[in-house]
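Report on the structure given below.
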Amino acid sequence: MWAELLPVGRSPASGGYRRYAWTGADADCRTWFQEQAEARGLAFETDRNGNQWAWLGDPAAGNAVVTGSHLDSVPDGGAFDGPLGVVSAFAALDELRGRGARFTRPVGIVNFGDEEGARFGLACVGSRLTAGALTVEQAHRLTDGDGITLPQAMESAGYDPDALGPDPERLARIGAFVELHVEQGRALDLSGDRIGIASAIWPHGRWRFDFRGEANHAGTTRLADRHDPMLSYAETVLAARREAELAGAVATFGKIGVEPNGVNAVPSLVRGWLDSRAADQASLDTVVTGIEKAARAYAAAHGVDLDVVRESFTPVVEFDHALRDELARILGTGTELRVPVLGTGAGHDAGILSGRVPTAMLFVRNPTGVSHSPAERAAEDDCVAGVTALADVLEGLACT
Ligand code: GLV
Ligand code: MN
Ligand code: MN
């Protein structure tokens, strides 16, 4: 499975993945998912929001146990963020069949669409729509960098954007969702454990800062006469770092747009996207308020206008305690496996679903902690331990 998926959407230049929602690479991932489902005799379906499902047993029976993750990527992402959870789901099912497991609950494998939000700016679009955490009107307004709307992109990929909407009946059939994911930090590496269980996801969001100045000639415009938005943007990036350090949080400007984007022109517009996250809501509010206040002061000093728009927000997620404890119990029985319980600053579809469905996550050790980068890694032994742990969990939850 891994070998088949590895070339899909991989940039030869960077070695990273560019699997953006509703593109050719995304379609190839989706075809792969469907083939994996059909090869195992699972019932395959795509829901109204473009999420893919593979079922063993009839989901209409209810109380289903679902596992899976996503196959899309950030720009030049790693191989593991997302795909490890989907590949491990199929592998865990194979393992259970090999064990001769007898299933008492329906088991589903899911590939949630557009988890990373790399193309339309909003993460977890598939799960948000399904959970009713994103309205159809909001989804219809999502636009990519080329001005293509989400409905247009879906339509050109052969999906029906008019079908988009909440799917409470589908969620009501799920008794537990367990997402396996590569760890995106070094906690497991430092503790010497292969596998961890998630406790919580930090509150996090994305804010767009539009600094509007005046385009002018780079050679002839006196410094004193400029309204250069790049300067206030640069100062804001430094302020973000400062505010995050003070609050023990994180803040990142990782995406920028510049107009007219000419070497010999003072820019008219600098648009920067802030991603900020903290362990608690109050710290996050302090960081973002502090950054915005600093940005307004810098903009005013340069005669530049500033608009700040919150593009998305996900409150803190505390995973279901009963399910978390059940996982710890299953993984602790009869094995040497110690399973630490970890919080994370990364967002996941599991976080979106957690308000609607009992949800848990398993993390697989990442030896460097690097993620959202081509350098993301997980050792084969650890991935196998992840599959075994996921199989144990599914067996404990869904088999006699
Ligand atoms: C998704 O991986 C995110 O945390 O942004
Ligand atoms: Mn990610
Ligand atoms: Mn992910």
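The values are calculated or read from the model by the stated rules, or taken from the named source; none is laboratory data. Since the model is a prediction, treat every value here as computed from it, not as a measurement. Cβ coordinates were reconstructed from backbone atoms using ideal geometry, including for glycine residues, and neighbour counts include every protein chain displayed. Calculation scope for accessible area: heavy atoms of the full protein, side chains included, ligands and nucleic acids excluded. Shrake-Rupley method; radii C 1.70, N 1.55, O 1.52, S 1.80 Å.
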GNM of the chain, Cα pairs under 10 angstrom: of Ala60, Ala244, Ala187, the biggest fluctuation goes to Ala60
If R0 = 30 Å, then Ala300 and Thr252, at their Cβ-Cβ distance, give a FRET efficiency to the nearest 0.05 of 0.80
Ordering 319-326, 115-122 by per-residue average of other C-beta atoms within 10 angstrom, highest first, gives 115-122, 319-326
Residue-normalised value, i.e. accessible area per residue, for region 54-176 at 1.4 Å probe, in Å², stands at 34 Å²
Sorted on mean Cβ neighbours within 10 Å (highest first), peptides 11-24, 63-76 come out as 63-76, 11-24
Connecting every pair of Cα atoms under 10 Å apart in the chain and solving the GNM, the largest mean-square fluctuation among Thr314, Thr344, Thr104 falls on Thr104
Sorted on mean Cβ neighbours within 10 Å (highest first), peptides 352-363, 271-282, 299-310 come out as 352-363, 271-282, 299-310
Given a Förster distance of 35 Å, the FRET efficiency implied by the Cβ-Cβ spacing of Arg208 and Ala43, rounded to the nearest 0.05, works out to 0.30
Pseudo-spin-label distance Ile148 to His321, built 7 Å along Cα→Cβ, given in nm, is 4.7 nm
So the compactness index of the chain, its C-alpha Rg divided by 2.2 N^0.38 Å, takes the value 1.04
Expressed as a whole-number percentage, the relative contact order of the chain with C-alpha contacts under 8 angstrom and at least six residues apart is 23 percent
In degrees, nearest 10, the alpha-carbon axis of helix 83-98 is tilted away from the dominant principal axis of the alpha carbons of the chain by 0 degrees
Here the gain from full extension of Arg242 to Ser156, 0.36 nm per residue of separation minus their alpha-carbon distance, amounts to 26.6 nm
Taking only the alpha-carbon positions of region 204-314 as identical scatterers, the Debye log10 I(q)/I(0) at q = 0.23 Å⁻¹ comes out as -1.16
Scoring region 252-297 by relative contact order with C-alpha pairs under 8 Å, at least six apart, yields a percentage of 31 percent
Summing -39500 (n - 2.57) over every DSSP H run of at least 4 residues in the chain and dividing by its residue count gives a helix-only mean residue ellipticity at 222 nm, to the nearest 500 deg cm²/dmol, of -10500 deg cm²/dmol
Rounded to one decimal in nm, the spacing of the 7 Å Cα→Cβ label points at Glu169 and Ala218 is 5.9 nm
Between the alpha carbon centres of region 335-396 and region 39-100 the gap in Å comes to 15 Å
For region 204-314 the mean separation of alpha carbon contacts under 8 Å (6+ apart) over residue count, i.e. relative contact order in percent, is 45 percent
